[in-house]
Amino acid sequence: MDLNSEEKMLVEYAKEAIVKYNKIRHANGGIDTLYSFLLSDSGKIHEGACYESNLALATVCGERHAIANMILQESYKAKIKSIVVADPVPEVQEHGRPPWGTCRHLIWSQGTPETTVILMQYIQEKAGWTFPKLEKYTIKDFYPLPYEPKEGLWDNWQPK
């Protein structure tokens, strides 16, 4: 996969942040979650994490959280150059989890057709986290591909 220098920097930033935030989450009784990190056209990185409420309509995706942070810290005029969607998985999957529905639309509307979407799979192991697989697309590549959850993916999962 061919990442440009900005995308490589964003991926490295994401890896460090995922380890940092998961350590905090674990210390407070939490579990790994989906994170998103985006690089705006100003060169700033904005972070987001999934918030899974017990009220389905209150759930916030990591992508939306990162986009909201970009808007808060910059403006509605800010554009997404590249976004990393980092998904915890029990083992390497054939494909990473692409943004779906609302998140796809927001990345499209706050980006350009050339905005890159980097799907990052990460795995919690006994010694820490590994990042075994990356995939790179543009947001226009995801139309009209659906989001398809994999039934039973987490059944009987244990850290390796």
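Overview of values
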{"item": "Residue match in the stretch 40-57 (condition: free of Cβ contacts under 8 Å to residues at least 60 places away in the same chain, assigned to a helix (DSSP H, G or I) and out of contact with any Pro (no Cβ under 6 Å at 6 or more places or on another chain))", "result": "yes"}
{"item": "Criterion (β-branched (Val, Ile, Thr), within 24 Å of Lys79 (Cα to Cα) and surrounded by fewer than 12 Cβ atoms within 10 Å (Cβ to Cβ)) met by exactly one of Thr102, Thr138, Thr115", "result": "Thr102"}
{"item": "Answer residue from the stretch 54-81, given it is open to solvent by 40 Å² or more (accessible area, probe 1.4 Å) and either in contact with an Asp or Glu (Cβ under 6 Å, 6 or more places away or on another chain) or among the acidic types (Asp, Glu) (or both) and is farthest from Tyr13 (Cα to Cα) among those", "result": "Thr59"}
{"item": "Any chance Ile107 is under 20 Å from Met1 (Cα atoms), surrounded by 17 or more Cβ atoms within 10 Å (Cβ to Cβ) and among the β-branched types (Val, Ile, Thr)", "result": "no"}
{"item": "Flag for Arg25 being open to solvent by 50 Å² or more (accessible area, probe 1.4 Å), among the basic types (Lys, Arg) and in contact with a Leu (Cβ under 9 Å, 6 or more places away or on another chain)", "result": "no"}
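The values are calculated or read from the model by the stated rules, or taken from the named source; none is laboratory data. These numbers were taken from a predicted model, which means no experiment stands behind them. Counting neighbours? That spans all protein chains shown, and the Cβs are built from the backbone with ideal geometry, glycine included. All accessible areas refer to the heavy atoms of the entire protein, side chains included, with ligands and DNA or RNA removed. Shrake-Rupley method; radii C 1.70, N 1.55, O 1.52, S 1.80 Å.
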